[in-house]
Amino acid sequence: MRVAAGAVARRVLGNAVTIRAALIQMGPHMIDRAAWDWAATEENPFFCPDRAAAAAWEEYLLGIRKSGSSCGAVIEVVAEGMPPGLGAPIYAKLDADIASALMGINAVKGVEIGDGFAAASLTGEGNADQMRMRDGMVEFDANHAGGILGGISTGQPIVVRFAVKPTSSILTPRQGVDRDGHEVEVVTRGRHDPCVGIRAVPVGEAMVACVLADHLLRHRAQNPGAAISARLPRN
């Protein structure tokens, strides 16, 4: 349902906007960002942009499945081609709406925009996305903010990551309490998904697309004469 809505949202956004997602961490194993290749996400079942990491993940996930356990994952979504000015500084913050949409996906336990939690270790100088004028256009020299400053899009790529917890329905016995207050042993039988984060990749893309389309439509309604309206079909 979410992915279907995302497909409609992509039509609203138009061909100028590209939204892609990739699995960048499975369990404790991260990709090598220097080896990032978007084409690789179409070559493996993990949507992994690092071919070497994808090969290692296959063996790792097989071991997790055979042991009856599960693992978590981190997905990164990148939206390129979005114009500046979408969102608002308080009640309709673009990053807040994106975070809310992604947190609404089953099993998601955390969301970060841009550098996210890593920004806490930076100084003010290191975290600043400085601006310059080049050929009559404003350009940034970094994108620590992930394309959103003060709740408003900057025109840079919007970068967001979300963490998916390990699947709770595992074959390994766990302790629990029943409705009568008795301690019981819980064992999940039947279908077992060792890493639900894999299937969350297209869902994350779809939710980001829905939020961006909503903000683009809202911007056009509030600014009917703005050039951004040319991005959307009138009929």
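The values are calculated or read from the model by the stated rules, or taken from the named source; none is laboratory data. This structure is a prediction, so every number in the text was calculated from the model and none was measured. Please note: Cβ atoms are built from the backbone with ideal geometry, for glycine as well, and neighbour counts cover all protein chains shown. Protein only, heavy atoms only, side chains kept; ligands, DNA and RNA dropped before computing areas. Shrake-Rupley method; radii C 1.70, N 1.55, O 1.52, S 1.80 Å.
Filtering the range 151-180 down to residues that are exposed (fewer than 14 other Cβ atoms within 10 Å of the Cβ) and of a type in the set (Gly, Ala, Ser), which residue is nearest to Gly63 (Cα to Cα)? Even if it seems obvious, please write down each step before you answer.
Residues of the range 151-180 that are exposed (fewer than 14 other Cβ atoms within 10 Å of the Cβ), as a first pass: 168, 172-180.
From the residues that got through so far, the ones that are of a type in the set (Gly, Ala, Ser) too are 168, 176.
Details: Ser168: 17, Gly176: 26 Å.
For the range 151-180, the residue satisfying everything is Ser168.
Of all the residues in the range 87-131, those that are in contact with a Ser or Thr (Cβ under 8 Å, 6 or more places away or on another chain) and outside any helix (DSSP H, G or I) number 3. Residue check: Ala79 meets all listed conditions (1) open to solvent by 10 Å² or more (accessible area, probe 1.4 Å); (2) in contact with a strand residue (DSSP E or B) (Cβ under 8 Å, 6 or more places away or on another chain); (3) touching a residue at least 40 places away in the same chain (Cβ under 8 Å) but one, namely (1). What single numbered condition from (1) without any contact (Cβ under 8 Å) to a residue 60 or more places away in the chain; (2) open to solvent by 30 Å² or more (accessible area, probe 1.4 Å); (3) touching a strand residue (DSSP E or B) at 6+ places or on another chain (Cβ under 9 Å); (4) of a type in the set (Asp, Glu) fails to hold for Glu125? Among (1) without any contact (Cβ under 8 Å) to a residue 60 or more places away in the chain; (2) open to solvent by 30 Å² or more (accessible area, probe 1.4 Å); (3) touching a strand residue (DSSP E or B) at 6+ places or on another chain (Cβ under 9 Å); (4) of a type in the set (Asp, Glu), the lone unmet condition for Glu125 is (3).
What number of residues within the range 1-33 satisfy the criterion of being of a type in the set (D, E, K, R) and in contact with a Cys (Cβ under 8 Å, 6 or more places away or on another chain)? Let's see the steps before the verdict.
Of the range 1-33, the ones of a type in the set (D, E, K, R) are 2, 10-11, 20, 32-33.
When the remaining residues are screened for being in contact with a Cys (Cβ under 8 Å, 6 or more places away or on another chain), the result is 2.
The total comes to 1.
Picking from residues in the range 153-206 that are of a type in the set (Gly, Ala, Ser) and modelled with pLDDT of 95 or more, the one that is farthest from Ala88 (Cα to Cα) is Gly181.
Contact annotation: residue pairs with Cβ atoms under 7 Å, 6 or more positions apart or on different chains, pairing a residue in the range 2-31 that is at pLDDT 95 or above with a partner that is acidic (Asp, Glu) and surrounded by fewer than 20 Cβ atoms within 10 Å (Cβ to Cβ), are Thr18/Glu80.
Going through Arg20, Arg65, Arg51 one at a time, which residue ends up being of a type in the set (Lys, Arg), more than 25 Å from Cys210 (Cβ to Cβ), touching an Asp or Glu at 6+ places or on another chain (Cβ under 8 Å) and surrounded by fewer than 20 Cβ atoms within 10 Å (Cβ to Cβ)? Give the derivation first.
Values: Arg20 fails: more than 25 Å from Cys210 (Cβ to Cβ); Arg65 fails: touching an Asp or Glu at 6+ places or on another chain (Cβ under 8 Å).
Being of a type in the set (Lys, Arg), more than 25 Å from Cys210 (Cβ to Cβ), touching an Asp or Glu at 6+ places or on another chain (Cβ under 8 Å) and surrounded by fewer than 20 Cβ atoms within 10 Å (Cβ to Cβ) holds for just one of Arg20, Arg65, Arg51, which is Arg51.
Of all residues in the range 21-53 being farther than 24 Å from Val3 by Cα and aliphatic (A, V, I, L, M), which is farthest from the chain's Cα centre (by Cα)? For the range 21-53, the residue satisfying everything is Ala52.
Is it the case, given these coordinates, that Arg20 is of a type in the set (Lys, Arg) and under 18 Å from Gly204 (Cβ atoms)? Break it down into steps so the answer makes sense when it comes.
Working: of a type in the set (Lys, Arg): yes; under 18 Å from Gly204 (Cβ atoms): yes.
Answer is yes for this residue.
A residue that is touching a Phe, Trp or Tyr at 6+ places or on another chain (Cβ under 7 Å), within 27 Å of Phe47 (Cα to Cα), of a type outside the set (A, V, I, L, M, F, W, C) and open to solvent by less than 60 Å² (accessible area, probe 1.4 Å) can be found somewhere in the range 190-207.
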